[in-house]
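Structure, as structure tokens:
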Amino acid sequence: MSYVLGLNCEICEEQHLPDYQGNTCRRCGGLLDVVYDYDRIRAGISRKEIDARAPTIWRWREFLPVREESIVTLGEGCTPLLDARNLGPVYGLERLYIKNDTMNPTGTFKDRGYSVAVSKAVEIGTKQAFTYTSGNAGASFAAYARRAGLNAFILVKGWASVEKLAMMRSSGLPVALWDFESFEPVREILRRASEELGAYQFTVFNNPYRHEGNKSYAYEIWQELGERAPDWVIHPTATGGGIVGSWKGFEELRELGLANRLPRMVAVQPAECAPIHKAFLEGLDVAPRFGTPKATIAQSMSSDAPVGEGRRVLSALRESEGVAVTVTDEEILQGIMDLGLEGVFSEPAGASAVAAAKKLARQGVIGPSDTVVCVVTGTGLKQPDVVTQHLGRTVPRIGPNWDEFVGFVDSVWSRS
Ligand SMILES: *Cc1c(COP(=O)(O)O)cnc(C)c1O
Ligand SMILES: [Zn+2]
């Protein structure tokens, strides 16, 4: 059972049938948005049934564009929403929450999107696929594509961490490094790959199904907060798929009468590479290319060109009365240490969310009793080097004797 009506172009509004196999609008090349029959969903869902299903994004399968028999899952989603009882007081926020997406199968939120995109690929009978990635997307795609038995390969930016690369290679799928200065020739290669080689690009960032998986944030957060939306959702933002998907999910909850108010969305970007932030401040509807991706430690959220020119992110920010904010590498490193207070180990991109919460609380944009959800998008195990560099390589060493042991104890505990 699928409740999809079709795919609409975000620019010219051209409608496409549910079985349309392109990634983008056939008329103008714009991004496509999956449209559902919400009246039928409303009539077709049972809250009891949803709650009884296994804790993955597919618990909400009526809201996803794939039939049940095609689902490829590794148990993604339904990650913990932690009450930040240690960190909240430090930031002066009484209701600070951490959505711990480091708990996903490959350690990042990308699994929400790839589970849906790869499932859709299976549904339409795709055999050959590939993706292009800065790291986390490749690791996620590799896991789902392998599990689905696709004939797939992965192209990855040369600056991806050894940890990310190792994870992709462990899938046994072919991996190659792919670097370029300009995206124009690449766009042409991607087009020819699908037209001449039949390699279905269900996996690159302009794929309409990937972002549908990110709607699951909204359903989960809403449920975990006792069936209400928070005041703010802060999302690390590069191409914008995460924040846009989450916003669509909240809108659906309102459409179905399940949520009576919506959160304000916050896009956080690294200071060195913040096209959305710049466009937002300038009041633009599109975000021109801007920034230097390699200039920040936040690899996974460093893109100078958001997908669909940032149209959807910018409209989500405006519609939700949200904001865009930037954080420096130094603030991100502090964010990683701050998350340590809650037992969460985050990669730089994920920690930008709490760095943004801190900044917006200081600036008075976020009020002390507002309910704030920071989405921590990826695990620190993907990029542990930044922490080692930040704290220094030297760790105290003690020998197996009482004197050295107690000497260390005295240096860390004050004994009276
Ligand atoms: C991909 C990624 C982001 C950015 O997400 P977009 O959907 O591209 O905006 C943020 N954090 C982590 C850990 C990621 O892997
Ligand atoms: Zn169009």
- Has region 170-188 got at least one residue that is buried (at least 19 other Cβ atoms within 10 Å of the Cβ), within 18 Å of the chain's Cα centre (by Cα), away from ligand 1 (no atom under 13 Å from the Cβ) and not polar (S, T, N, Q)? no
- From the residues in region 1-24 that are under 22 Å from the mean Cα position of the chain (by Cα) and either hydroxyl-bearing (Ser, Thr, Tyr) or more than 11 Å from ligand 2 (Cβ to nearest atom) (or both), which one is farthest from Glu196 (Cα to Cα)? Thr24
- Message: Give me the residue from region 258-313 that is open to solvent by less than 50 Å² (accessible area, probe 1.4 Å) and within 16 Å of ligand 2 (Cβ to nearest atom) and, out of that set, modelled with the lowest pLDDT.
- Response: Val307
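Let's see how each residue does on (1) within 16 Å of ligand 1 (Cβ to nearest atom); (2) open to solvent by 40 Å² or more (accessible area, probe 1.4 Å); (3) touching a Pro at 6+ places or on another chain (Cβ under 7 Å):
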site: Leu81; (1), (2), (3): no, no, no
site: Asn86; (1), (2), (3): no, yes, no
site: Asn104; (1), (2), (3): yes, no, no
site: Thr131; (1), (2), (3): yes, no, no
site: Asn136; (1), (2), (3): yes, no, no
site: Phe153; (1), (2), (3): no, yes, yes
- Task: Could you grab the pairs with beta carbons closer than 6 Å, sequence gap of 6+ or different chains, first residue in region 285-307 and more than 13 Å from Ile332 (Cβ to Cβ), second one of a type in the set (Phe, Trp, Tyr) and open to solvent by 30 Å² or more (accessible area, probe 1.4 Å)?
- Result: Asp304/Phe290; Val307/Phe205
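Can you go through Arg112, Arg147, Arg192 and tell me which one is within 28 Å of Glu220 (Cα to Cα) and open to solvent by 60 Å² or more (accessible area, probe 1.4 Å)?
Details: Arg112 fails: open to solvent by 60 Å² or more (accessible area, probe 1.4 Å); Arg192 fails: within 28 Å of Glu220 (Cα to Cα).
The match here is Arg147.
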- Checking Gly158 against (1) buried (at least 24 other Cβ atoms within 10 Å of the Cβ); (2) on the phi < 0 side of the Ramachandran plot; (3) modelled with pLDDT under 90; (4) not polar (S, T, N, Q), the condition it does not meet: (1)
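Residues being open to solvent by 10 Å² or more (accessible area, probe 1.4 Å), in contact (Cβ under 8 Å) with a residue 24 or more places away in the chain and more than 14 Å from ligand 1 (Cβ to nearest atom): count how many of those fall in region 221-250. Full working, then the answer.
From region 221-250, those open to solvent by 10 Å² or more (accessible area, probe 1.4 Å) are 223-228, 231, 236, 238-239, 244, 247-248; that's our starting set.
Still in the list and also in contact (Cβ under 8 Å) with a residue 24 or more places away in the chain: 224-225, 227-228, 231, 236, 238-239, 244, 247-248.
Restricting the remaining residues to those that are more than 14 Å from ligand 1 (Cβ to nearest atom) gives 224-225, 227-228, 231.
Result for region 221-250: 5.
Which residue is nearest to Pro263 (Cα to Cα), if the candidates are limited to region 195-229 and must be modelled with pLDDT of 95 or more, outside any helix (DSSP H, G or I) and over 18 Å from the mean Cα position of the chain (by Cα)? Reasoning before the result, please.
Start the filter on region 195-229 by keeping residues that are modelled with pLDDT of 95 or more, which leaves 212-229.
Still in the list and also outside any helix (DSSP H, G or I): 214-215, 225-229.
Then drop every residue that is not over 18 Å from the mean Cα position of the chain (by Cα), which leaves 225-229.
On the way: Leu225: 12, Gly226: 15, Glu227: 13, Arg228: 10, Ala229: 6 Å.
The selected residue is Ala229.
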- Note on the structure: Of the residues in region 3-18, those that are open to solvent by 20 Å² or more (accessible area, probe 1.4 Å) and either within 14 Å of Ile124 (Cβ to Cβ) or of a type in the set (A, V, I, L, M, F, W, C) (or both) come to Val4, Leu5, Ile11, Cys12, Leu17, Pro18
- Query: Checking Asn100 against (1) open to solvent by 40 Å² or more (accessible area, probe 1.4 Å); (2) farther than 30 Å from Asp179 by Cβ; (3) within 21 Å of the chain's Cα centre (by Cα), which test does it fail?
  - Reply: (1)
- Task: Could you grab me the full set of residues in region 28-57 that are under 24 Å from the mean Cα position of the chain (by Cα), aliphatic (A, V, I, L, M) and within 25 Å of Gly75 (Cα to Cα)?
- Result: Val34, Ile50, Ala54, Ile57
- Item | Which numbered condition Arg318 fails, given (1) over 25 Å from Lys358 (Cβ atoms); (2) of a type in the set (Lys, Arg); (3) at pLDDT 95 or above | (1)
- Message: Restricting to region 338-361, name every residue that is open to solvent by 30 Å² or more (accessible area, probe 1.4 Å), in contact (Cβ under 8 Å) with a residue 24 or more places away in the chain and not in a loop (DSSP other than H, G, I, E, B).
- Response: Lys358, Lys359
- Query: In region 10-48, which residue that is touching a helix residue (DSSP H, G or I) at 6+ places or on another chain (Cβ under 6 Å) and among the β-branched types (Val, Ile, Thr) is farthest from ligand 1 (Cβ to nearest atom)?
  - Reply: Ile45
- Do the conditions hold for Asn86, that is, is it more than 16 Å from ligand 2 (Cβ to nearest atom), under 17 Å from the mean Cα position of the chain (by Cα), farther than 20 Å from Glu255 by Cα and among the polar types (S, T, N, Q)? no
- Val72 versus (1) away from ligand 1 (no atom under 16 Å from the Cβ); (2) modelled with pLDDT under 95; (3) within 20 Å of the chain's Cα centre (by Cα): which is the lone unmet condition? (2)
- Select from region 25-35 the residues that are within 8 Å of ligand 2 (Cβ to nearest atom) and not hydrophobic (A, V, I, L, M, F, W, C) and write down the one among them that is surrounded by the most Cβ atoms within 10 Å (Cβ to Cβ). Gly30
- Query: Among the residues of region 322-334, how many are open to solvent by less than 20 Å² (accessible area, probe 1.4 Å) and either farther than 20 Å from Lys110 by Cβ or modelled with pLDDT under 95 (or both)?
  - Reply: 4
- Item | Residue among Glu62, Glu76 that is assigned to a loop (DSSP other than H, G, I, E, B) and surrounded by 16 or more Cβ atoms within 10 Å (Cβ to Cβ) | Glu76
- Residues of region 386-416 that turn out to be under 23 Å from Asp329 (Cβ atoms) and surrounded by 13 or more Cβ atoms within 10 Å (Cβ to Cβ), as a count: 3
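The values are calculated or read from the model by the stated rules, or taken from the named source; none is laboratory data. The model shown is predicted, which means the values in this text are computed figures rather than measured ones. Here the Cβ is made from the backbone with ideal geometry for all residues, glycine too, and neighbour counts use every protein chain on show. Keep in mind that these areas ignore ligands, DNA and RNA; they rest on the heavy atoms of the full protein, side chains included. Shrake-Rupley method; radii C 1.70, N 1.55, O 1.52, S 1.80 Å.
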